[in-house]
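Working notes, structure below.
Every number here is computed from the coordinates shown, using simple stated rules; none is lab data. Not measured: the values here are computed from a predicted model. As a convention, Cβ positions derive from the backbone with ideal geometry for all residues, glycine included, and neighbour counts pool all protein chains shown.
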Amino acid sequence: MAQWTDLYDAILNGDAKKAHASTQAALAAGVAPMELIQHSMVPAMDEVGRLFEAEEYFVPELLLSARAMKSSLDLLKPLLSASGQKMSTRVVIGTVKGDLHDIGKNIVASMLEGGGFEVIDLGTDVSPESFVAAVKDRSPQVVCMSALLTVTMPSMKTTIDALNAAGVRAQVKVLVGGAPVTMQYAKEIGADGYSENANGAVGLVKNLLAGAAA
Amino acid sequence: MPVGADLILHEEPDPEVSRNSGAALGRVIERTARRWNSPLAIPLMDLRLEKIDLLARIGISARDAEKHHFTTPIDESELTALCSELPAPFCTGSTARDEALTYIASIPDLFPIGMAIGPFSLATRLMADPIAATAQAGKGIGPDDSADVAVLSQCLRAAESAVLRSLRSQIAHGARAIMICEPAACTAFLSPRQLRTGSDIFERFVMQPHLRLKAALDAARCDLIFHDCGELIDPMVEAFAHRLHPVILSLGSSRKLWLDARLVPPDVVLYGNLPTKSFYSDSAMPVEEVVRRTVELLANMKACAHPHILGSECDVLNVPNARTTILNKIDAMMSCAPAA
């Protein structure tokens, strides 16, 4: 299957309107949704990630590309669902209790959606009880927590403790991130992973799930 | 000295009560300056206040203000209300901030400093997805072609009005300098890739509003202290230093101040910039590393002969379970400074 170049370029250039139109054109031409994802969209996001790591792209470019990817996925998801195929992984994400900052969390959510994950965004100031309820009710494979302030970081540990107390910790991989968070802190509180940026978070989720499946 | 009023505030029996009482807050700021032997009375860096005061103009309560975002273009009458120069009562926190300034201004050996969020940072807090809107504008998309860009432009206009009202009030209450904090003016919001290819978003969204605010400060004979702890590229630092010409330029720990000294006029004092956001963790930032970095910074600043005040990269927040370790590291940092 050849790459659908217009769609690839639209995502790479962060052009949501063109990505949407290219997806419609590809579908009209009879290209299967999963082939579009595998041969055009995922490679485009991989290239976006590479450019980010090379410091040729920055957060704004990441975000626009993720938006373009999402505009295509919004067209493809109903078709995949109707044909019995499903998106790979469900992720619950939120900014922890006491913290109202959402920009970093939103970027990670957009990147995860752009990476083909189903994202359930709990918003900001999310209590440990709400994280636990989301794990019980929505059965995600991954929980991502964000905190921008040193004063709200302890809520990450409180949430992990709550997941343990509710007996659901083993069901999920827990990732943490945010400006003051470090790898050491992630280890100290018993998280499974830490990423210092949104692009890394997508790779980390993939790696953790690959490790869990192995 | 660190931006450490929050640490001292938490020595109060009820910090929240003191935060909202002008007299108590004034005493906290005085104690902060005394604690670190500085004549500069730097207040709390509470960057929520202008948003609360702004949204109150359209009937949004202080309680709801933090989570409020504009997602569609603002109605013209609402925008007029947001930008109006008509006086409106400030929130409890802003009133306490102003009363504390009056208290500090009455103390002869302290220099009263105000605090405000920058217009661009405030605008980003008024939107749910400000980065995408800014990035679209950076691609040359105008307000007529994108609702997001239209909302950003409106939010920026409203934000500049709110900041100007805040500055005027603080000056009227005795501020002789104001620290304007613009952390969103950074590479997370403003793509260096777009700037390299000629985008005017940094000029339009950051510099132009700040040049107007600087003119207002100059007219009131009030000094500008400019703070931006975001990730910056050199042209941003140069623009802040040369075109805004603050008396003090405070930068985040991602910058090496002794290298930035080449970008900054000799009469602009550099402030900072130990990585205080990591001070809560002994594993991420052991006290020995704090000392090493402080000694390195002081030696390099001395070598480049640029005026410098040793300090934090941002405000140092009180973390309940890590208060002692944070204070120990602040003390370790300050103990490296030569005696005044």
Does anything in region B:132-164 have its amide N under 17 Å from the 7 Å Cα→Cβ label point of B:Ile58, and if so which residues?
-> B:147-163
Treat the count of other C-beta atoms within 10 Å as a stand-in for reagent exposure and order A:Tyr57, B:Tyr271 from fewest to most.
-> A:Tyr57, B:Tyr271
Principal axis lengths of region A:43-106 from Cα atoms, whole Å, largest first?
-> 38, 35, 17
With R₀ set to 51 angstrom, the calculated FRET efficiency between the beta-carbons of B:Asp144 and A:Ala133, to the nearest 0.05, is 0.70
Over 19 Å between alpha carbons, listed pairs A:Lys97/B:Lys329; A:Lys18/A:Lys105; A:Lys97/B:Lys67; A:Lys97/A:Lys206; B:Lys256/B:Lys302; A:Lys105/B:Lys51 = A:Lys97/B:Lys329; A:Lys18/A:Lys105; A:Lys97/A:Lys206; A:Lys105/B:Lys51
222 nm mean residue ellipticity, helices alone, for chain A (DSSP H n ≥ 4; -39,500 (n - 2.57); rounded to 500) | -17000 deg cm²/dmol
Once label points are set 7 Å from the Cα along Cα→Cβ at both A:Ala170 and B:Arg323, what is their separation, rounded to one decimal in nm?
-> 3.9
Arranged by the count of other C-beta atoms within 10 angstrom, fewest first, what order do B:Thr102, B:Thr187 take?
-> B:Thr102, B:Thr187
State, to one decimal in nm, how far the label point of A:Leu27 lies from the label point of B:Arg31, with both points 7 Å from Cα in the Cβ direction.
-> 6.3
Within 10 Å of each residue's Cβ, count the other Cβ atoms and sort A:Cys144, B:Cys181 from fewest upward.
-> B:Cys181, A:Cys144
Let me have the 222 nm mean residue ellipticity of chain B computed from DSSP H runs of 4+ only, each contributing -39500 (n - 2.57), with the sum over all residues rounded to the nearest 500.
-> -13500 deg cm²/dmol
For B:Ala41, residues with placed amide H under 5 Å, excluding near neighbours | B:Phe111, B:Ile113
Quick one: P(r) of the protein assembly as shown from all Cα-Cα pairs, 20 Å bins, percents rounded to integers, in order of increasing distance.
-> 20, 54, 24, 2
Over what distance in Å are the Cα centres of region A:1-61 and region A:139-214 separated?
-> 29
For B:Val291 paired with B:Ile233, estimate the spin-label separation in nm (one decimal), with each label point 7 Å from Cα along the Cα-to-Cβ line.
-> 4.0
Residue span B:Asp75 to B:Asp218: 0.36 nm per residue of separation minus Cα-Cα distance leaves a gain in nm of 48.2 nm
